[in-house]
């Protein structure tokens, strides 16, 4: 079973990866480009890597240098596969344009309520997001 | 929903690449931002303040800036520059950081060759760079946005690399702080405790941002107009804790002659900042458990001449403890002023490292992991928690006393 969510594509592109989902805003200036690991104090993803993941979070936060940190993450091979925001912001948009990372927002239904961390997600052109149903046993993990 | 973005012929030509790749890349960023915020148009900007620190821009950013320059990219509006990852006056003199400092040097040279002014400061207001009331600008460095919007009544969003796009094209997307109604306040904040001095205003900025929780605060209870130093301390702290780009102080900031003028209308919550709120806000940034102290940093935002003098006065005839590094951060103009009145020699003799152009958060010169850093800057205290360091957050007076003693004093 695959469920399709629809949003607005701000930076077009196709991508696939495991979902990471949080209701906390993310500061890309506090993500280490060399490892992809989040260093933002108190963030639920603190210590986790965003490399290759499809990130679901409400919006950006913190330093306006975040655009270049996204570019750096991309250059080090640790960029997220795609970014899905509730309402994205200019820091993330500019970074996504520079790094070529697909970026969507205003997705219905709200992915923060219906996508779980670890689920396989495909971002399609035009703002569609396909979410694979969790395999049996995944929920217990 | 607003109408879709409409570009004029010149803007469309830039987006189509008919004026070269640098302006096309800039327009792609701006068009994406406009789409994301339902902006119907782009607005001409009067100035840009641009981030270019080597630590945040990095080598991929260096390649970007040099490619823009190589393909005849030009900054088409007056553009000032934010802090560097090294003191430009001494680049090349510290061999350990040599390679990285060359990255910084090449980034700033690319920016200057595209037409930027070498201010290298997070606090360009000290240099007289003050956008006029009602002016549309695109300013990078989140700490500057509340000052530009609230204190000056000019208009900027919190820009990322979009400031680079604005410098290359001369435009920004008409959304957020460029829209009248989005500048209005949506929560009342009554300050019920006396606030005076830059240190107190920094803590107030954090406390107000935290209490307002994403709503533009309309602040009452500030009895006297804050000084430039008090305002910049407040704004940097406010922007550290809040994602917002503005606030209002009734009877003080230009878009808040009255409470009613500052508010968007309708019923709003009223919150109160008390002495207890300020104490709690102060306490939350200290993570160090022992009295150990390795580094003291002041000058975030970059110190004014008055603040440089204050450090010298607080030191008196005392010197910094041999085991402690004291960084006093400012811009090159203030550093030159300090030198002109002999303060630089006095501070150097006392063991103070007076730096220009840079800042401990963004410098290539980082204290070692596990170091304990004391500061009177809420922004540095907050950000240092991401650097594997422990933090002591206190007043300038406490920081200087501790630096003399070599340990934090209760």
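The values are calculated or read from the model by the stated rules, or taken from the named source; none is laboratory data. Keep in mind it's a predicted model, so treat the numbers as computed, not measured. Ideal geometry is used to build each Cβ from the backbone, glycine not excepted, and the neighbour counts take in all protein chains shown.
Consider residue A:103 carefully, then state whether it is at pLDDT 95 or above, within 13 Å of the chain's Cα centre (by Cα) and closer than 21 Å to residue B:159 by Cα.
For residue A:103, the condition - at pLDDT 95 or above, within 13 Å of the chain's Cα centre (by Cα) and closer than 21 Å to residue B:159 by Cα - is met.
Specify which of the listed residues (A:110, A:75) is out of contact with any strand residue (DSSP E or B) (no Cβ under 8 Å at 6 or more places or on another chain), more than 11 Å from chain B (Cβ to nearest Cβ) and surrounded by fewer than 22 Cβ atoms within 10 Å (Cβ to Cβ).
Selected residue: A:110, the only one of A:110, A:75 that is out of contact with any strand residue (DSSP E or B) (no Cβ under 8 Å at 6 or more places or on another chain), more than 11 Å from chain B (Cβ to nearest Cβ) and surrounded by fewer than 22 Cβ atoms within 10 Å (Cβ to Cβ).
Does residue A:97 fit the bill of being over 20 Å from residue A:40 (Cα atoms), at pLDDT 95 or above and at the interface with chain B (Cβ under 7 Å from one of its Cβ atoms)?
yes
Output the residues belonging to region A:32-42 that are at the interface with chain B (Cβ under 10 Å from one of its Cβ atoms) and part of a loop (DSSP other than H, G, I, E, B).
A:32, A:33, A:39, A:40, A:41, A:42
Report yes if some residue within region B:107-114 is surrounded by fewer than 24 Cβ atoms within 10 Å (Cβ to Cβ) and assigned to a loop (DSSP other than H, G, I, E, B); otherwise report no.
yes
Go through region B:115-153 and give me each residue that's touching a strand residue (DSSP E or B) at 6+ places or on another chain (Cβ under 7 Å), more than 14 Å from every other protein chain (Cβ to nearest Cβ) and under 21 Å from residue B:357 (Cβ atoms).
B:115, B:116, B:117, B:118, B:119, B:120, B:121, B:123, B:124, B:126, B:129
Of all residues in region A:46-57 being surrounded by fewer than 21 Cβ atoms within 10 Å (Cβ to Cβ) and part of a loop (DSSP other than H, G, I, E, B), which is farthest from the other protein chains (Cβ to nearest Cβ)?
In this case the residue turns out to be A:52.
Of the numbered conditions (1) within 19 Å of the chain's Cα centre (by Cα); (2) at pLDDT 95 or above, residue B:349 fails exactly one; give the number of that condition.
Of everything listed in (1) within 19 Å of the chain's Cα centre (by Cα); (2) at pLDDT 95 or above, residue B:349 misses just condition (1).
How many residues does region B:6-53 contain that are within 12 Å of chain A (Cβ to nearest Cβ) and closer than 25 Å to residue A:8 by Cβ?
Residues meeting the conditions: 16.
Provide a single number: the residues in region A:113-125 that are at pLDDT below 95 and either touching a strand residue (DSSP E or B) at 6+ places or on another chain (Cβ under 7 Å) or not in a helix (DSSP H, G or I) (or both).
Qualifying residue count, region A:113-125: 1.
Residue B:161: farther than 15 Å from residue B:245 by Cβ, at pLDDT below 95 and buried (at least 24 other Cβ atoms within 10 Å of the Cβ), yes or no? Show your work before the answer.
Numbers: farther than 15 Å from residue B:245 by Cβ: yes; at pLDDT below 95: yes; buried (at least 24 other Cβ atoms within 10 Å of the Cβ): yes.
Yes: the conditions hold for residue B:161.
Applying the selection to region B:79-104, what residues are more than 14 Å from chain A (Cβ to nearest Cβ) and in contact with a strand residue (DSSP E or B) (Cβ under 7 Å, 6 or more places away or on another chain)?
Within region B:79-104, B:79, B:80, B:87, B:89 qualify.
Residue A:91 passes all but one of (1) within 12 Å of chain B (Cβ to nearest Cβ); (2) part of a loop (DSSP other than H, G, I, E, B); (3) in contact with a helix residue (DSSP H, G or I) (Cβ under 8 Å, 6 or more places away or on another chain); which number fails?
If we test residue A:91 against (1) within 12 Å of chain B (Cβ to nearest Cβ); (2) part of a loop (DSSP other than H, G, I, E, B); (3) in contact with a helix residue (DSSP H, G or I) (Cβ under 8 Å, 6 or more places away or on another chain), just (2) comes out false.
Scan region A:58-87 for residues that are without any contact (Cβ under 8 Å) to a residue 40 or more places away in the chain, closer than 23 Å to residue A:109 by Cα and not in a loop (DSSP other than H, G, I, E, B) and report the count.
Looking only at that region, the number is 3.
Look at region B:154-213 and say how many of its residues are within 24 Å of residue B:380 (Cβ to Cβ), out of contact with any helix residue (DSSP H, G or I) (no Cβ under 8 Å at 6 or more places or on another chain) and within 14 Å of another protein chain (Cβ to nearest Cβ).
Residues that pass the stated criteria total 2.
May I ask you to list the residues in region B:54-71 that are out of contact with any helix residue (DSSP H, G or I) (no Cβ under 7 Å at 6 or more places or on another chain) and more than 14 Å from every other protein chain (Cβ to nearest Cβ)?
Listed by number, the list holds a single entry, B:70.
For region A:18-31, which residues satisfy the criterion of being within 11 Å of another protein chain (Cβ to nearest Cβ) and in contact (Cβ under 8 Å) with a residue 40 or more places away in the chain?
Listed by number, the residues that qualify are A:28, A:29, A:31.
So is residue B:270 loosely packed, with under 14 Cβ neighbours inside 10 Å and under 30 Å from residue B:52 (Cα atoms) or not?
Considered against the rule, which asks whether it is loosely packed, with under 14 Cβ neighbours inside 10 Å and under 30 Å from residue B:52 (Cα atoms), residue B:270 comes out as no.
Mind listing just one residue for me: the one in region A:58-72 that is at the interface with chain B (Cβ under 7 Å from one of its Cβ atoms) and under 19 Å from residue A:48 (Cβ atoms) and, of those, surrounded by the fewest Cβ atoms within 10 Å (Cβ to Cβ)?
The residue in question is A:61.
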